[in-house]
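Here is the structure we will look at, set down as structure tokens.
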Amino acid sequence: MKKPTKTEMRALIKALRGLAPIQPLTYGQSLHFSRMQAAHVRRWADAITPDINLSWLVRQRAIPVNFVASYKLREASGLTTNHIGGRLEMFINASEPDVRQRFSLLHEFKHALDFDDAPILHSQLGRGDKQRQADMIEWIANDFAAHVLMPTALVKREWFKWQDLATVASLFNVSTEAMGFRLDKLGLTGEPKRSSRMYFRSTGTLPVAA
């Protein structure tokens, strides 16, 4: 896919943000709207095959993406902030495997989408428990990334065809860990359910979007 212009990218961001009402959302509502956003991203990118090409997101300049050394992120996978260059930017740990970077990129993109309205959107999460609120915000971003990279219908189709974790993970260009969690959440494997709080990755401390 060609590099989107700033105008095209800003239009996409506006459309994605417009899918969620600017009001306090429950955790379930947040997941619902994030999945709507994920589906919109795949349609916009014309991603009909399992492996979505994310070059457009890497190359766009509306919310710049920076790949940096691990130590700059204190070993975290990513960070979204406007406190560094004076504008909203995403920072991705360049020391991690490519498949993890892809997940982190979409995770941070979700934080970027919510950034301006995060104090409103997430205000009721955690019921006053700040740590739980921060965890839930991370789970929402993880869920968005998972649905962009591994949409339900495609995962089910490929899993029923191959029945092999490594093969299906390769088709979607994700880690076997990420695909394993996705299959478990969809009830397609018989392994014990994993806690969503351990879902795929960690992130840096975010000034607003957390």
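The values are calculated or read from the model by the stated rules, or taken from the named source; none is laboratory data. Keep in mind that this is a model prediction, so the values were computed, not measured. Cβ: placed from backbone, ideal geometry, glycine included. Neighbour counts: every protein chain shown.
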Open item on the list: Is it the case, given these coordinates, that PRO64 is on the phi < 0 side of the Ramachandran plot, touching a residue at least 12 places away in the same chain (Cβ under 8 Å) and buried (at least 17 other Cβ atoms within 10 Å of the Cβ)?
Closed with: no
TODO: Could you tell me whether ASN93 is touching a strand residue (DSSP E or B) at 6+ places or on another chain (Cβ under 9 Å) and not hydrophobic (A, V, I, L, M, F, W, C)?
DONE: yes
Open item on the list: Against the conditions (1) part of a helix (DSSP H, G or I); (2) of a type in the set (Gly, Ala, Ser); (3) farther than 22 Å from ILE22 by Cα, where does SER95 fall short? Just the number, please.
Closed with: (1)
TODO: List every residue pair whose Cβ atoms lie under 8 Å apart, where the two residues are 6 or more positions apart in sequence or sit on different chains, the first residue falls within the stretch 42-59 and is closer than 15 Å to HIS147 by Cα and outside any loop (DSSP other than H, G, I, E, B), and the second residue, located anywhere, is at pLDDT 95 or above and among the basic types (Lys, Arg).
DONE: none
Open item on the list: Being surrounded by 14 or more Cβ atoms within 10 Å (Cβ to Cβ) and either assigned to a loop (DSSP other than H, G, I, E, B) or free of Cβ contacts under 8 Å to residues at least 24 places away in the same chain (or both) is the filter here; which residues of the stretch 9-23 pass it?
Closed with: ALA11, LEU19, ALA20
Open item on the list: So in the stretch 67-98, with the set limited to residues that are farther than 29 Å from LEU154 by Cβ, exposed (fewer than 14 other Cβ atoms within 10 Å of the Cβ) and of a type in the set (D, E, K, R), which one is nearest to the chain's Cα centre (by Cα)?
Closed with: GLU75
